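The values are calculated or read from the model by the stated rules, or taken from the named source; none is laboratory data. For clarity, every value in this text was computed on a predicted model and none was experimentally measured. Methodologically, a virtual Cβ is constructed for each residue, glycine included, from the backbone with ideal geometry; neighbour enumeration extends over all protein chains shown. Accessible surface areas use protein heavy atoms only, side chains included; no ligands, DNA or RNA. Shrake-Rupley method; radii C 1.70, N 1.55, O 1.52, S 1.80 Å.
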Amino acid sequence: MKKHVIYSSLLHVVIVLASIFYMARLSILELSVLIYLLPVVLNSFFIYLSMKQKQKIKEANYCFPTLSLISYLIIGLFVDTLGYWDTFIKNNTSNAGDFTVNIDSSLLGTSQIIFVLIIYFSSAYLCILLFNRRERIYGRP
């Protein structure tokens, strides 16, 4: 599992750097994919690899989502400190008649952190449940 943690960490570093450097140019959809969806996909992939190699599942269930959370917090700290988040808000806030898109003033707000915790850890738990079920039915992860 150490090898998977190293690879996952390196991929999270790439996500952090891409998020920080391209924050002002990202759309809401691109940012959502980068900081919410991509970490979930990476976590699922590395959990699957860990299960396939019969490694400790409890460690994988906590390790990979924790790496994702740490990278999210690093992104939040940097973009808030450097002022990139304000630029992102200006570029992506829009008004079209009755339709308004409002963006939270920080990635590090309590509601944002709770949302990220729920996404990262519940998706990891669901992956483990699905992979265990598949293993019981088909005899392989």
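Rounded to the nearest 10 square angstrom, H12 shows an accessible area of 10 square angstrom against a 1.4 Å probe. The residues of the chain expose, per residue, 61 Å² of accessible area to a 1.4 Å probe. Of the DSSP H helices in the chain, those with a Cα length along their own long axis of 27 Å or more and a mean Kyte-Doolittle hydropathy reaching 0.0 comprise 2-22, 57-82, 110-138. To put it simply, the accessible area of the chain at a 1.4 Å probe is 67 percent carbon and sulfur.
Note on the stretch 3-75 and the stretch 90-105: Cα centroid distance 28 Å, given to the nearest whole angstrom. Near D80, once Lys and Arg are set to +1 and Asp and Glu to -1 for all other residues with Cβ below 12 Å from its Cβ, the sum equals -2. Across I6, I74, I89, the residue with the most accessible area heads the list, and the full order at a 1.4 Å probe is I6, I74, I89.
Accessible surface ranking for L82, L29, L69, L108, 1.4 angstrom probe, highest first: L29, L82, L108, L69. T87 sits with roughly 50 Å² accessible to a 1.4 Å probe, with DNA, RNA and ligands left out of the calculation.
Ranking I70, I119 from most to least accessible surface, computed with a 1.4 Å probe over the protein chains only, gives I70, I119.
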